[in-house]
Every structure is written in structure tokens, then in C-alpha cells.
Amino acid sequence: MKKLTRLIIPALVALLVSGPAWAAKDDHSINNFLQVYDKSEAKFKTKVRDALVSMVTGMEIINSDLKSKGRPQMFCLNELTKNLTITGEQYFFIFKKYVKKHDKAREAPAGGTGIILYLALQEAFLCK
């Protein structure tokens, strides 16, 4: 299991940092991406939310590994949220709220969506 974890963690981090497919063609700012998202059809919005859930799943795997090693976690679900299933729509809300609040996040390249999502989760689910 340890060997598998050593292989999975770097792969998940690489995926997180590499950014989603929607950023590959024209790497616009996240602000521009959100404008496109707001005008898009439901099918595209569902794909975006599914991608965010995939990113969070990777972060949760990393979090579990960190916790098992007694190291600080990336973000911490509290007593009220740890047993809930957070939907893609809710993750998108957290992401969008963070972007609206932070100028640097708005101007970040859309390829950095994973990093901005990570920062949004850190802010939403503080570790104590």
C-alpha cells in the first residue's frame, strides 16, 4: 500500500497543478473563464463541476495520506461537514466565491484552476 501511495500522490499533485482541459487552448484568466461558464450550456457546466469534484477527490486522497502520517492536512472538514457529500455545484460556489474575493485569483490563468480551488478549500475549511 505504501508503494502505491508513493506512486499515486505525485500523480495527483501533477494533475492538480497541470490544470483542466478547458484551459489548454487559450489560457485566459479565471475571470474570463467564469464569464464563459456563466454563458455556457448546462452540459459544459456539468463537465466543469465534475472536473472540480475530481480535483477535490485527489486532494482528499492526499489529505488522507498526510493525516495518516501525522502531518498537517491541506484543508479540514469540520464536524458539521465531514459526513456530508459536497456536490460539484457546491464546490463551484466555493471556488467562485474565492475568486470574487481575491483579485489575484481572478487574474490567474485558467490553467491554475486546481491551485485556486485548493486555496478556496483552505479558506472555506480551515484547519485548527
- Hand me the list of helices (runs of 4 or more DSSP H) wholly inside segment 44-128 holding 2 or more residues that are surrounded by 20 or more Cβ atoms within 10 Å (Cβ to Cβ). 88-101, 113-124
- Going through (1) in contact with an Asp or Glu (Cβ under 7 Å, 6 or more places away or on another chain); (2) closer than 16 Å to residue 55 by Cα one by one, residue 109 fails only at (2)
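Throughout, read-outs are computed from the coordinates displayed, never taken from laboratory work. What you are looking at is a predicted structure, and each value in this text was computed from that prediction instead of being measured. Glycine gets a Cβ as well: all are built from the backbone with ideal geometry, and neighbour counts include every protein chain shown.
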